[in-house]
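One structure is given below, represented as structure tokens, and several questions about it will come after.
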Amino acid sequence: MSASPVQGVLEGMPRRLYPCTPTRLLTWLDCPRRYRFTYLDRPAPPKGPPWAHTGLGTSVHTALASWWRLPPGERTSERGAQLVRSGWVDEGYRDDAQSQAVRERAARWVRDYLADVDPGAEPIGVERTVSAPTAALVLSGRVDRIDERPDGSIAIVDYKTGRRPLGDDDARSSLALAVYAVAAARTLRRPCALVELHHLPTGTVAAAVHGDGSLRRKVAEAESIAREARAADEAYAAGDDGEQTFPARTSASCGWCDFRAACPQGRAAAPQRRPWDAVEDDEPDVPDLESGPSQRPPGGSPG
């Protein structure tokens, strides 16, 4: 008895929407090799040791989310600092003394930040997952905070703990923030134009107001990146995991890559960074390690 043929996609049938997050899209844009390691290879290559800056960011985000879940009468700035200490992720540091010093620095950031936050201004969402379909994609992501504005619209708030100060151009150019705005508007059935980056180390807020046109352009950018990522996914499923489809896009950031042990090009491009380098006060050259690039790099390789 012969085997039944595999049924293909019928001609003229609509193609399934491609599910993706901003992180997935920006990983493809940043480095196709790292994208393959992260999303396609199973099992994935072993990662290196945990990074102190990752634990720092997780600790701050968790404390702020937990603070909003308290009864309003318990939302004091000092309670926020205590939440940082009690939920501290103690991984990747040089020693206990460094971990404790960075923990107190992060607790101070959160305490100072919350001193200017109205504890009674209840957010619409905290760590809320939102999603929206486009013509080709299903975009989704988890938003740190969604605020209600006086006019009934909503605003996206994204916490940042990286070393680099942020400006309004960062908020305006961010693909992730625009995707969150589109997805939140669809999920919550409210208009969303304002996006904000709250930078905890400096206590500053970078903001941008999107119009319909700028959001359409960001969705088109996401769809363009996703077309490449989807084609690579399909090539991989067909057996292509090679250099032409998944090149290593090398830069100084290769020193921070989780998968550098599996990537000879990355090891040659930059020296291995120590797990605690990004939290050292005197470290001179630390890239933005919280997110991938928001724009397509000219010529292919990010500088």
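The values are calculated or read from the model by the stated rules, or taken from the named source; none is laboratory data. What you see is a predicted model; the values in this text were computed from it and never measured. When we count neighbours, we look across all protein chains shown, and the Cβ atoms used for this are built from the backbone with ideal geometry, even at glycine. Remember, those area values only see protein heavy atoms, side chains included, never the ligands or the DNA or RNA. Shrake-Rupley method; radii C 1.70, N 1.55, O 1.52, S 1.80 Å.
For the structure I just gave you, tell me whether T62 is open to solvent by 20 Å² or more (accessible area, probe 1.4 Å), in contact with a Gly (Cβ under 6 Å, 6 or more places away or on another chain) and of a type in the set (S, T, Y).
Working: open to solvent by 20 Å² or more (accessible area, probe 1.4 Å): yes; in contact with a Gly (Cβ under 6 Å, 6 or more places away or on another chain): yes; of a type in the set (S, T, Y): yes.
Taking the combined requirement at face value, the residue satisfies it.
If we keep just the residues of the range 128-148 that are among the hydrophobic types (A, V, I, L, M, F, W, C) and within 16 Å of E196 (Cβ to Cβ), which is surrounded by the most Cβ atoms within 10 Å (Cβ to Cβ)? Let's see the steps before the verdict.
Restricting attention to the range 128-148, the residues satisfying the condition of being among the hydrophobic types (A, V, I, L, M, F, W, C) are 130, 132, 135-139, 143, 146.
From the residues that got through so far, the ones that are within 16 Å of E196 (Cβ to Cβ) too are 130, 143, 146.
Numbers: V130: 23, V143: 26, I146: 23.
Among those that are among the hydrophobic types (A, V, I, L, M, F, W, C) and within 16 Å of E196 (Cβ to Cβ), it is V143.
Still on this structure, I have one more. Does R103 count as buried (at least 18 other Cβ atoms within 10 Å of the Cβ), part of a helix (DSSP H, G or I) and out of contact with any strand residue (DSSP E or B) (no Cβ under 9 Å at 6 or more places or on another chain)? Walk me through it before giving the result.
Values: buried (at least 18 other Cβ atoms within 10 Å of the Cβ): yes; part of a helix (DSSP H, G or I): yes; out of contact with any strand residue (DSSP E or B) (no Cβ under 9 Å at 6 or more places or on another chain): yes.
Considered against the rule, which asks whether it is buried (at least 18 other Cβ atoms within 10 Å of the Cβ), part of a helix (DSSP H, G or I) and out of contact with any strand residue (DSSP E or B) (no Cβ under 9 Å at 6 or more places or on another chain), R103 comes out as yes.
A quick yes/no check of all residues on (1) open to solvent by 30 Å² or more (accessible area, probe 1.4 Å); (2) part of a helix (DSSP H, G or I); (3) free of Cβ contacts under 8 Å to residues at least 40 places away in the same chain:
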{"residue": "P150", "(1), (2), (3)": "yes, no, yes"}
{"residue": "R163", "(1), (2), (3)": "yes, no, no"}
{"residue": "A171", "(1), (2), (3)": "no, yes, yes"}
{"residue": "V182", "(1), (2), (3)": "yes, yes, no"}
{"residue": "R186", "(1), (2), (3)": "yes, yes, no"}
{"residue": "E196", "(1), (2), (3)": "yes, no, no"}
{"residue": "A220", "(1), (2), (3)": "yes, yes, yes"}
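Here's a follow-up. Which of (1) at pLDDT 95 or above; (2) more than 19 Å from the chain's Cα centre (by Cα) is the odd one out, the single condition D258 does not satisfy?
(2)
Conditions: (1) open to solvent by 30 Å² or more (accessible area, probe 1.4 Å); (2) modelled with pLDDT under 95; (3) part of a loop (DSSP other than H, G, I, E, B). P247 meets all but one. Number of the miss?
So the condition that P247 fails would be (2).
Report, by residue number, each residue of the range 37-69 that is more than 16 Å from the chain's Cα centre (by Cα), part of a helix (DSSP H, G or I) and either among the hydroxyl-bearing types (S, T, Y) or farther than 21 Å from S140 by Cβ (or both). First the steps, then the outcome.
Initial filter on the range 37-69 (more than 16 Å from the chain's Cα centre (by Cα)): 37, 40-50, 52, 63-69.
Applying the additional criterion that residues be part of a helix (DSSP H, G or I) yields 37, 40, 52, 63-68.
Answer for the range 37-69, where residues must be more than 16 Å from the chain's Cα centre (by Cα), part of a helix (DSSP H, G or I) and either among the hydroxyl-bearing types (S, T, Y) or farther than 21 Å from S140 by Cβ (or both): F37, A52, A63, L64, S66, W67, W68.
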